[in-house]
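No lab work stands behind these numbers, since they all come straight from the coordinates. Predicted model only: the values in this text are computed from it and were never measured. For neighbour counting, all protein chains shown are included, and Cβ atoms are generated from backbone atoms with ideal geometry for every residue, glycine included.
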């Protein structure tokens, strides 16, 4: 379908229901789909499985869904910045599937590319490989990992056009491109939505074919998790 | 005995001109501060940047520009951004020359554990499992003993593994050690540290040559 533009997050999330599996882009709080997350909180859908590298912080990002007990299972590589997450996980309320970061990315990419499974050396000989097929190639051992299957992907880009083409900025790119087209429906929110033809085709990171719905987001907070700075040369104190 | 900066300073000597280097969170991040000015190195951060520069000046922080530790950063001339799948293509595809990461435990066969303490702390492995399973050249930066004074250089890891037989070199506050078929080969002592102190702090097999020079920082 080439008609993708929708008015807002509410329209973009039509069809979202409890019990579904979602992919959510972002690394820490960088490049997360803030508008989609707010709408998921508003909708109050529950028993969700969320595939996302991290789980946000207590009061922002995916942490908002955790606070409302909307998430049944998280698939992530690192969850260290969220106390509520750790509490729910250690108490058994929340199921967590910790996945090596490169494997997580490739399970998305495989889904996007129509590849059902692949072999990776990551996790061989560790509890991550338990119950999984292993195989030797050229004298080295590998673990078979399967592509994700998800109902919706929620991604965030810097600029997009009405044809669904996306351009990301800086390290806010991270997992967003690999989640495009990796679920049944991909919803892209962008800081700036332009008419088709406004973006240089040479500069497009993700072609619109991987995106089903696109809208211009509002009120981006873009919180910084670890503000680290250095002193200007010659400045006092 | 070295502090964390001292460990980073010693490891910086392992960074060679022209290297692509991935630095883990913690002590490894400090290594960038000690790399010689007269060599060219590109730092990769697995969240999707090659050519990472120093922290920004105050007021110039960009929420869209962070490293894998979620810290605000800058880029240097020649830098590039990419998605997570391509980032791990660099790592798994062995295009990164040197990987430096922290650990909770290292065994004398090169096994490493650094992602989980069952029942207590589960932060996750992040990119560490991909890094240790793929990199040819891995240096571990860590304190020789934990806060309770127990050795972190063991015969066998007690914590859930991050990777098997992958660590090549360990730099601690006490020593530089190479992982060999016979165990940890003691290469260098930290300033003012005796071989005996290192022996006492090491539970894994330790091979001590006739002379063990003191580290030059």
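Under the definition of partner shielding as Cβ atoms of other protein chains within 10 Å of a residue Cβ, what is the mean value for peptide A:139-146?
Values: counts 0, 2, 2, 1, 2, 0, 0, 0.
So the per-residue partner count for this stretch is 1.
If neighbour count is taken as other Cβ atoms inside 10 Å, put B:120, B:4, A:4 in order from fewest to most.
By the 10 Å Cβ count, ascending: B:120, B:4, A:4.
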Segment B:2-74-segment A:37-70 distance, computed between alpha-carbon centres (Å): 32
query: If eta is 0.890 mPa s and T is 25 °C, what Stokes-Einstein diffusion coefficient results for chain A, Kirkwood Rh from Cα pairs, in µm²/s?
result: 132
- request: Within 10 Å, count the other beta carbons around each residue, average over each peptide in B:86-95, A:146-155, A:168-177, B:190-199, and list them highest first.
  value: A:168-177, A:146-155, B:86-95, B:190-199
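What does the average come to when, for each residue of peptide A:123-135, you count the partner chain Cβ atoms lying within 10 Å of its Cβ? Can you show the working numbers first?
Working: counts 8, 5, 9, 14, 5, 6, 2, 0, 0, 0, 0, 0, 0.
The mean count of partner-chain Cβ atoms within 10 Å per residue comes to 4.
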- request: Kindly rank A:114-124, B:162-172, A:10-20 from highest to lowest mean number of other beta carbons found within 10 Å of each residue.
  value: B:162-172, A:114-124, A:10-20
- line: One point scatterer per Cα, no solvent, Debye formula: log10 I(q)/I(0) for segment B:4-207 at q = 0.14, 0.16, 0.18 Å⁻¹ comes out as -0.82, -1.05, -1.27
- line: In a Gaussian network model of chain B with springs linking alpha carbons closer than 10 Å, the residue among B:160, B:54, B:77 that fluctuates most is B:77
- request: Using packing as a proxy for protection, rank B:145-151, B:131-137 so that the peptide with the highest average count of other Cβ atoms within 10 Å comes first.
  value: B:131-137, B:145-151
- line: Counted neighbours (other Cβ, 10 Å), sorted fewest up, put B:16, A:107, A:156 in the order B:16, A:107, A:156
query: Between residue B:3 and residue B:89, what FRET efficiency follows from the Cβ-Cβ distance if R0 is 35 Å, with the result rounded to 0.05?
result: 0.45
- prompt: What does the average come to when, for each residue of peptide B:70-79, you count the partner chain Cβ atoms lying within 10 Å of its Cβ?
  reply: 4
message: As an exercise, find the ratio Rg/Rh for the protein assembly as shown from alpha-carbon atoms, using the Kirkwood inverse-distance average for Rh.
response: 0.99
query: Can you sort B:206, A:24 so the residue with the fewest Cβ neighbours within 10 Å comes first?
result: B:206, A:24
